[in-house]
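Just so it is clear, none of the values below were taken in a lab; they were calculated from the coordinates. For clarity, every value in this text was computed on a predicted model and none was experimentally measured. Positions of Cβ are generated from backbone atoms using ideal geometry, with glycine treated the same way; all protein chains shown enter the neighbour counts.
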Amino acid sequence: MDLRTWIRVLARRFWLLLLGTAFAVAGSYLAFRFLTPWPRYQATTVVIINDKGLKADWNSLQANKNLAMTYAQWAMRRPVLEGVIENLGIPLSVAQLREHIKIRNLNDTQLIEISATSDDPQQAAAIANEFVRQLEAQIEAVPVSGERTQVPTREELARWETRIAQAQAELINLSDRLAEYRPASPPAEEVAQLEKHISDAEAELLTLSAELANYQPSSTREEEIAQLETRIGEADAQLVDLTARLLKADSPVEAELLTKRINVLQSNLAMWRRELEKLYARDKAESEAEVNRLLRRIEVLKGNLDIWHRELDRLYFRAESASEAEVNQLVRRINVVQANLRLWQEEYEKLKAEYEEAQAPSLVVVEAAYPPTDAVSPLINILIAGMVGFLLSTGLVILFEMRC
């Protein structure tokens, strides 16, 4: 039989082809509607596989593609599926969950598409995202090659990060202290006491200096001196009178009496003059003593003022020295912390690079799964069932005609 004959046979039995196709379509729809949960939702996530230990060249790119295909096959193994079931607490077995998940490599690239179906859109997204997390955990659990075993650990990097953070915090604290630093002041009580002593001494010094400049000797024996001077004056007058009378005396007896009186007066005058000189000497000595007392007091005050000024300067100098020492200490500490921080950051970056280079291939989520809003349409399954029904009907018609 040639092709035209077969076409005529199929055209004559076309109703059988339509009937078989209709039965297949109806059976597919009924199976999708009643034998499986409906409506069904599908959530999809896309991840990329990248080996950090490989270089950025063409061979590495091909290696990453092959690695993505390998993980796409390995992802459907029991450990990943069991982790999803345990963490989500879904009432499915590993085999049942495997039927709800589809994995495919996108266009021979490093991208892997993971789809999860469920009658609950939230659960579909949760299964897809949890599947990615479990796959990532399994990838990280893969031991690295022997060349990568001598590398820093995550704990060691964390210790370096803590040390760097503490150094940065200390540097900020020291910088704030230096910016807000105020010079230290001398003890207020001691300064106030010294300033009061200095003020009182300067006031007293001015008073004594004025008193010394305006000093006039004063006698405490003016009355006694006046009496002696009066006596001496009267005695001098009497002596002159007696001397004149002696020169005019007529008899020796009168002359002798006058001579005796003159001698007595001269003796008294000498005694009174000596007494007067003693009084003058005492007044002079007392005046000199008063002047010397004032001078000594002035010298004492000047000495005290010099001592108190030096003590006040010492207090201020000590405060300034303490302030300068504290500032220098802060600056030195800042320089030390900055130097340590630079060294630690360089060491940390080196260790981090070694750590990242030695890590297992990483899985990065390109697009996370979100709860779908529309249910999965059965149209594709129905079309496939219709095509299968049509082909089966065609085969049956051809087989029947050949037997006849």
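I need the calculated FRET efficiency for the pair residue 161 and residue 330, taking r as the beta carbon distance and R₀ as 35 Å, to the nearest 0.05.
In this case the efficiency is close to 0.85.
As an exercise, take the mean of 1/r over every pair of distinct alpha carbons in the stretch 191-338, invert it, and state the Kirkwood radius in angstroms.
It works out to 22.3 Å.
Determine, from the Cβ-Cβ distance of residue 302 and residue 188 and an R0 of 30 Å, the FRET efficiency 1/(1 + (r/R0)^6), rounded to the nearest 0.05.
0.65
Please list the non-local residues whose amide H lies under 5 Å from the amide H of residue 40, H modeled 1.01 Å from N, same-chain partners needing a gap of 5 or more.
376
Need the full-extension length gain, residue 338 to residue 180, defined as separation in residues times 0.36 nm minus the C-alpha distance. One decimal, nm.
So the extension gain works out to 54.9 nm.
Within the stretch 112-141, what residues put their amide N at less than 15 Å from the label point 7 Å along the Cα-to-Cβ vector of residue 364?
It comes to 112, nothing else.
For a Förster distance of 51 Å, can you work out the FRET efficiency between the beta-carbons of residue 227 and residue 323, rounded to the nearest 0.05?
It comes to 0.10.
Extending each Cα 7 Å along its Cβ direction at residue 211 and residue 93, get the distance between those two points in nm, one decimal.
12.2
Can you give the convex hull volume per residue for the Cα atoms of the stretch 252-373, as a whole number of Å³?
178
Sorted by packing (mean other beta-carbon atoms within 10 Å per residue), highest first, where do 125-137, 238-250 land?
Final packing ranking: 125-137, 238-250.
Put a dot 7 Å past each Cα toward the Cβ at residue 384 and residue 403; how far apart are the dots in nm?
Computed distance between label sites residue 403 and residue 384 equals 3.0 nm.
Run the numbers for residue 374 and residue 16: contour at 0.36 nm per residue of separation, minus the present Cα-Cα distance, in nm.
Extending this stretch completely gives an extra 125.3 nm.
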